[in-house]
Amino acid sequence: MIDDLYRARTPRSAALYARASRVLPAGLTHDSRATSPYPIYAARAAGARKWDVDGNEYVDYFGGHGALLFGHAHAPLVEAIQRQATLGTHWGASHELEVQWAELVQRLVPSAERVRFTASGTEATQLALRLARAYTGGSKIVRFVGHFHGWHDAVAAGAMSHYDGSIPAGIPAAVVGESIVLSADAPGPAVDVLESRDDIAAVIVEPSGASWGQVPLPAGFLAALRAATKARGVPLIFDEVITGFRWSRGGAQARYGIVPDVTVLAKILAGGLPGGAVAGAREILDQIDPVAAKAAGREKVGHQGTFNANPLCAAAGVTMLSLVEQTDACERAQATAEELRAGMRRVLVEEGMPWGVFGQASVFVIFPNPARLPIDPANFDPLKLGFKGLKGGRDPQLNNKLRIALLAHGVDIAGGPGGFVSAAHGPREIAQTLDAWRSAVRAMKSELR
Ligand code: PMP
């Protein structure tokens, strides 16, 4: 049994979870780390691998929630962080690193005429929406079902739950009412809303499709959004928290050749430490500048934050983005991911398992077919299923079982289910992952029967 094998390998994690459950709600610090019967407790990590408190080794595809393009404890990043720690972690002053960091963002990201740093991706989407509302005078935000933009109130409904437009616990109904949450299975609904209404402040989208491409966008979707927003003067916001510096050096916008007005960044941006940024058109970002705002006849938009561009995160960010600029890390991670996706598909075909494996750039997504549709793994097309088929009918227990089965065979994936491939992953990791994948698929087959 998958569960028994997992439990037998992880007694120290079990004990830590029991302890955690007496102080942390659900025993956790992030909803996405929920794992039944209990999560693994990590002890250290290096490159593409991590180890738990029982000494088990894992090929890691959780990838710091997507933040680690070079894998764990990459030497240049460790050195930059160590060096900066001795010089001070918060100077309460402007500093050269924040300028360098912003210049790198400006060079790499096409929309980045101006950059403002925040402490997380959640804060960055919040600032982006504030700037868009101030700029347009509108209040309504067009979002897409299942597209995740952080955990703040304005973007909560319809992202991880409440896909039917109902109101999540703790979120004011009035705030939910400020979002128009549309299907992204086709561009029509969004284009219609933009053409027919005058109160739209912004359109925000994950350019990969929902949750790093777990639900890919149909061809032409982003171009249609770009054209419709431009025609109406509504800022288009790309949430590139995942895709930034991963889909390509310049993110999804550079890869697809579609430039938004505003880009939200985090994760890889800050080199494995906390950090976010809003990068966009000068006119929109300069509302933060009191002189520019006054000259434009506008009120200044406020923005604070104790840890914005603190020297420690800035040092890591500068090193990370310099490496992104100077190396072929994005391409290498993507090539490895392509090989991995092809290998995983091959195993599904060989094992006669009617599941799908897909994904863009350096991520992979597993579709474990909860409704038991007649799927040919060699030719699986996620677009045919749309949001409802791919994510709407998600079976958390099935996803959890697969995750546990892989953990029991030395591979850690993210709950999606799927994962992030780094430039530190290579042929050895692929071979090991495919062996584990075959064992997990076989175990799942026998337990699903
Ligand atoms: N947007 C997207 C697309 C994300 O994936 C995430 C985090 N997973 C966020 C925003 C929020 O970022 P953070 O966790 O840094 O607040």
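The values are calculated or read from the model by the stated rules, or taken from the named source; none is laboratory data. Please read all numbers here as calculations on a predicted model, not as lab measurements. Heads up, the Cβs are rebuilt from the backbone with ideal geometry, glycines too, and the neighbour counts pull from every protein chain shown. Only protein heavy atoms, including side chains, enter the accessible area calculation; ligands, DNA and RNA are left aside. Shrake-Rupley method; radii C 1.70, N 1.55, O 1.52, S 1.80 Å.
Of the residues P260, G220, G121, the one whose Cα sits farthest towards the positive end of the charge dipole of the chain is G121 (charges of +1 on Lys and Arg Cβ, -1 on Asp and Glu Cβ, taken about the Cα centre). Residues whose amide H falls under 5 Å from that of V181, counting only those 5 or more places apart or on a different chain, are R143, with hydrogens built in the peptide plane. Relative to the compact-globule estimate of 2.2 N^0.38 Å, the Cα radius of gyration of the chain comes out at 0.97. If only the Cβ of Lys and Arg carry +1 and only the Cβ of Asp and Glu carry -1, the dipole of the chain around its Cα centre is close to 560 debye. If both residues of a DSSP beta bridge must be in segment 235-283, then about 60% of such bridges are antiparallel.
The residue list Q100, P235, T10 was ranked by how far each Cα lies along the charge dipole of the chain toward its positive end, using unit charges on Cβ atoms, and T10 comes out on top. Cross-link partners for K50 among the aspartates and glutamates, with Cα-Cα distance under 16 Å and sequence neighbours closer than 8 places in the same chain left out: D60, D412, E429.
Pairs spanning more than 29 Å between alpha-carbon atoms, out of K267/K294; K300/K391; K230/K294: K267/K294; K300/K391. Applying a DSSP loop filter and a limit of 16 other Cβ atoms within 10 Å to the GluC sites (Glu not before Pro) in segment 73-151 leaves E113. In the context of the full set of protein chains, residues of the chain present 42 Å² of accessible surface per residue (probe radius 1.4 Å, heavy atoms only). Overall shape of segment 75-326 was characterised from the C-alpha gyration tensor. The equivalent ellipsoid obtained from it has semi-axes of 30, 20, 18 Å, in decreasing order. Annotation for segment 13-98: chymotrypsin sites (Phe, Trp or Tyr not before Pro) lying in DSSP loop with at most 13 further Cβ atoms inside 10 Å of their Cβ are W91. For segment 336-431, the Stokes-Einstein estimate of translational diffusion at 37 °C and a viscosity of 0.692 mPa s comes to 238 µm²/s, using the Kirkwood hydrodynamic radius over alpha-carbon pairs.
For segment 49-97, the C-alpha radius of gyration sits at 1.55 times the compact-globule guess of 2.2 N^0.38 Å, with N the residue count. Dipole magnitude for segment 75-326: about 260 debye, using +1 per Lys or Arg Cβ and -1 per Asp or Glu Cβ, origin at the Cα centre. Peptide packing: for 385-394, 24-33, 126-135, the average count of neighbouring Cβ atoms within 10 Å per residue gives the ranking 126-135, 385-394, 24-33, highest mean first.
Among the protein heavy atoms of the chain, carbon and sulfur supply 54% of the accessible surface, probe 1.4 Å, non-protein parts ignored. Normalising the Debye intensity of segment 91-234 to I(0), with uniform scatterers on Cα atoms only, and taking log10 at q = 0.10, 0.12, 0.16, 0.17 Å⁻¹ returns -0.38, -0.54, -0.93, -1.03. Put simply, the amide H of S362, placed in the peptide plane, has no neighbours under 5 Å, leaving out anything fewer than 5 places away on its chain.
In order along segment 161-176, the Karplus-derived 3J(HN,Hα) couplings, from 6.51 cos²θ - 1.76 cosθ + 1.60 at θ = phi - 60°, round to 6, 6, 5, 8, x, 6, 9, x, 4, x, 9, x, 4, 5, 6, 4 Hz, and Gly and Pro are given as x.
Of G66, G188, G92, the residue with the greatest mean-square motion in the GNM of the chain, using alpha carbon springs below 10 Å, is G92.
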